[in-house]
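Down below is the structure, laid out as structure tokens.
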Amino acid sequence: MADRTQTSIALPTTEDTEAFGRRLAVELAAGDLVVLDGPLGAGKTALARGIAAGLGVQGRVSSPTFIIAREHRAGERPGGGEPVAMVHVDAYRLGLAGEAGSGGGAQTFDELDALDLDTDLAGAVVVVEWGEGVVEHLADRHLLVRLRREPESDVRTAEWGWVS
Ligand SMILES: Nc1ncnc2c1ncn2[C@@H]1O[C@H](COP(=O)(O)OP(=O)(O)OP(=O)(O)O)[C@@H](O)[C@H]1O
Ligand SMILES: [Mg+2]
């Protein structure tokens, strides 16, 4: 990560990961791009759920099976602040029938274009799972969160920082 302000946190439980997302959300506003990285089951969707709760957006955040991007409308922001929508994207399914490792192919970029995320970004926080190497060009900077699983335990470690 190019950013010097990178920080790390241990997340022992799912609830901790969601709470971390709520804390990250306090800093977020329309136009912010958040890229969630980490292996299968790392907790990216759990983190997205926390961010959604922190933003106060509507609708349940789930792991989309067929839907690549879902818009959550703005709601009441806990602790006040300008209400903002959130678009939750699962880029894993972009590209060749969602094959892992397809990120970056021409088809991926066509499908990405079709999502019009740049338009969404004007009025929403856009949170992308599996977005690394695919969506960074959509904004001047992005918040990169890397989740790691500790072997044989539920503990996750998150490293995050703004990358420009
Ligand atoms: N510390 C933790 N943080 C987050 N999730 C945890 C933790 N400990 C256990 N879990 C469990 O791990 C699973 C994480 O699933 P989640 O869907 O959030 O991962 P993901 O990274 O989005 O996976 P995918 O790559 O399939 O999208 C959940 O079942 C969650 O309850
Ligand atoms: Mg997920």
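The values are calculated or read from the model by the stated rules, or taken from the named source; none is laboratory data. Predicted model only: the values in this text are computed from it and were never measured. Here Cβ is always computed from backbone atoms with ideal geometry, including for glycine, and neighbour counts include all displayed protein chains. These accessible areas exclude ligands, DNA and RNA; they are computed on the full protein's heavy atoms, side chains included. Shrake-Rupley method; radii C 1.70, N 1.55, O 1.52, S 1.80 Å.
In segment 140-158, which residues are touching a Ser or Thr at 6+ places or on another chain (Cβ under 9 Å) and open to solvent by less than 50 Å² (accessible area, probe 1.4 Å)?
If the condition is that a residue be touching a Ser or Thr at 6+ places or on another chain (Cβ under 9 Å) and open to solvent by less than 50 Å² (accessible area, probe 1.4 Å), then H142, L147, V155, R156, T157, A158 are the ones that fit.
Here L121 meets each of (1) in a helix (DSSP H, G or I); (2) at pLDDT 95 or above with one exception, condition (2).
Those residues that are in contact with a Ser or Thr (Cβ under 7 Å, 6 or more places away or on another chain) and either in contact (Cβ under 8 Å) with a residue 40 or more places away in the chain or not in a helix (DSSP H, G or I) (or both), I need them from segment 41-56; list them, please. Show your work before the answer.
So the first thing to find is which residues in segment 41-56 are in contact with a Ser or Thr (Cβ under 7 Å, 6 or more places away or on another chain), and the list is 43, 45-47, 50.
Correct list: G43, T45, L47.
Among the residues of segment 145-164, those identified as closer than 16 Å to A10 by Cα and part of a strand (DSSP E or B) are V145, R146, L147, R148, R149, R156, T157, A158, E159, W160, G161. Within segment 116-135, is there a residue that is β-branched (V, I, T) and open to solvent by 50 Å² or more (accessible area, probe 1.4 Å)? Yes, segment 116-135 contains a residue that is β-branched (V, I, T) and open to solvent by 50 Å² or more (accessible area, probe 1.4 Å). The residue that is surrounded by the fewest Cβ atoms within 10 Å (Cβ to Cβ), counting only those in segment 41-61 that are over 17 Å from V126 (Cβ atoms) and within 12 Å of ligand 1 (Cβ to nearest atom), is G41. Can you tell me which residue is nearest to ligand 1 (Cβ to nearest atom) among those in segment 11-40 that are part of a helix (DSSP H, G or I) and open to solvent by less than 10 Å² (accessible area, probe 1.4 Å)? This residue is T17.
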